[in-house]
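J.: Before I ask anything, let me first share the structure, which is written out below as structure tokens.
A short reminder: the numbers here are calculations on the coordinates, not readings from a lab. These numbers come from a predicted model, not from an experiment. As a convention, Cβ positions derive from the backbone with ideal geometry for all residues, glycine included, and neighbour counts pool all protein chains shown.
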Amino acid sequence: MGYASTQAYQIGFSLKQQEAYGTALPDLEITMGHPIGETDPTDIGTEDADNSQEFGKGHQYPTEAETVAVDTSTNWNFQGSSLILGWITALAMGDITTTQPDEVLAPTVYKHKIKPKRLADQSWGLQLPVTTIVEQLCVGDQAKYRDMLCTGFKVTGEQKKRLQVSASFKGSGHYATSNITMPELAAVSFLRFAKVNFLYGGASINPELQNFEYSFDNTVDEGGYHAGSPALTADPNAPQCRGFMLISDQKTELKFKMLYKNNSLQTDLINKTVKAITIEATGDLIAETYYHYWKLTIPKCTLKVSKKGKENGKYAYDVTVMLHWDETLQAPCEIEVQNTTPAYLETPEA
């Protein structure tokens, strides 16, 4: 058997969420494939115990060892399609509402409004939706990872490129061999920087805009290995997995670079002028006048950094934005995705 090439790498996932933490999605729900950029295989970390520090052996070396707990994590990079942007955002933020703007003339068009769950709201118990993924390193070498929670994502736009999205996932540590037939790649609409409309305070800065980067991060409790939490296998002495993964904090930030025309951003920085920002990237036509798109709406923000620099012999601003809480939205921001995906985060039918 020859060496395994990274070109054989594939992922299979589901647009649905697990019914509960610790309950993997059935194989028949792993129906989605998507082109993926350079990435490392899912990392399986271990917490070990041994007797190297125990006395009575007459030496400082271990004579036995065992794995007491396991952890799983991965990072993925994608070219930004409306499908993958909706899926990752929904998993990371957790609060999603889906509607059809025109069921009669455009029955295949779906609009998804997504915003972060509020930490002070006790109704969801600080447990974000989790999903199950299957990773193929090469044909015949597949593993199924359950309880995968999106700990954060980043969407970047840069001149002459498609939008890029990177996402981080952390699981319970549970994994098992899989023999499913890997799903085919979905037909997707990629979004390009050339089709971005960036409004700062209601005014377009499209000609000056060089790039942008929006990030959202969940801080997770590294615990969850409670008494009685699941083991990796049926063996009672098998390593322990998490029984839950709770959120302790959330952070979100926007950065962008624009060519310098006047000192207005410096004034906004000093005065902490409250502005609104909207970034919309439009893709292919779906039907009638409805297009694939990704839209970030920040109703209220101030500038945290507005640093003058250089860009190809011209002056430019490097800007970092501080998002404020918006009472009307009940969130600091909202992401809207329009595509042909009927739903995200449904649970499997019984």
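J.: If you rank Lys255, Lys170, Lys272 by fewest surrounding Cβ atoms within 10 Å, what's the result?
T.: In order of increasing Cβ crowding within 10 Å: Lys272, Lys255, Lys170.
J.: Suppose we keep just the alpha-carbon trace of region 252-350; what are its Rg and Dmax in angstrom?
T.: For region 252-350, the Cα radius of gyration and maximum Cα-Cα distance read 17.9, 62 Å.
J.: Which one of His292, Leu128, Gly94 is farthest out on the positive end of the charge dipole of the chain, using unit charges on Cβ (Lys, Arg +1; Asp, Glu -1) and the Cα centre as origin?
T.: His292
J.: Let me ask something else. Within a 10 angstrom radius of the beta carbon, how do Ser168, Ser52 rank from fewest other beta carbons to most?
T.: Ser52, Ser168
J.: Based solely on its DSSP helices, what 222 nm [θ] is calculated for the chain when runs of n ≥ 4 H residues each add -39,500 (n - 2.57) and the sum is averaged over all residues, nearest 500 deg cm²/dmol?
T.: -1500 deg cm²/dmol
J.: When a/c reaches 1.5 or more, the comparison of a/b and b/c decides; with that in mind, is region 196-245 rounded, prolate or oblate per its Cα gyration tensor?
T.: prolate
J.: When the convex hull of the C-alpha atoms of region 103-212 is computed, what volume per residue in Å³ does it have?
T.: Per residue, the Cα convex hull of region 103-212 comes to 222 Å³.
J.: In addition: Calculate the dipole size of region 86-196 relative to its Cα centre from +1 charges on Lys and Arg beta carbons and -1 charges on Asp and Glu beta carbons; express the result in debye to the nearest 20.
T.: Charge dipole of region 86-196: 500 debye, to the nearest 20.
J.: Across all directions of projection, what mean area in square nanometres is found for the Cα convex hull of region 1-147?
T.: 15.1 nm²
J.: Turning to a different aspect of this structure: Would you mind working out the magnitude of the charge dipole of region 73-122 relative to its Cα centre, with +1 at each Lys and Arg C-beta and -1 at each Asp and Glu C-beta, to the nearest 20 Debye?
T.: That gives region 73-122 a dipole magnitude of about 180 debye.
J.: If you stretched the chain out fully between Arg192 and Leu329, how much longer would it get, using 0.36 nm times the residue separation minus the C-alpha to C-alpha distance?
T.: Once the chain is fully extended between Arg192 and Leu329, it gains 46.6 nm.
J.: While we're here: Let me know the charge dipole size of region 165-298 about its Cα centre in debye, to the nearest 20, where only the beta-carbon of Lys, Arg (+1) and Asp, Glu (-1) is charged.
T.: 460 debye
J.: P(r) for the chain: what percent of alpha-carbon pairs falls in each 10 Å bin, starting at zero?
T.: 5, 22, 29, 23, 13, 6, 2, 0, 0
J.: Please work out, to two decimal places, the log10 of the ratio I(q)/I(0) at q = 0.17, 0.22 Å⁻¹ from a Debye calculation in which every Cα of region 71-145 carries one identical scatterer.
T.: Debye intensities relative to I(0), on a log10 scale: -0.89, -1.11.
J.: Can you compute the equivalent ellipsoid semi-axes for region 23-67, i.e. the square root of 5 times each eigenvalue of the Cα gyration tensor, sorted largest first and rounded to whole Å?
T.: After scaling each eigenvalue by five and taking roots: 43, 15, 6 Å.
J.: While we're on this one: Please name which of Gly80, Ser189, Ser306 has its Cα lying farthest along the dipole of the chain towards the positive end, using unit charges on Cβ (Lys, Arg +1; Asp, Glu -1) and the Cα centre as origin.
T.: Checking the options against the dipole of the chain, the answer is Ser306.
J.: In which sequence would Trp76, Trp325 go, from the one with the fewest C-beta neighbours within 10 Å to the one with the most?
T.: Trp325, Trp76
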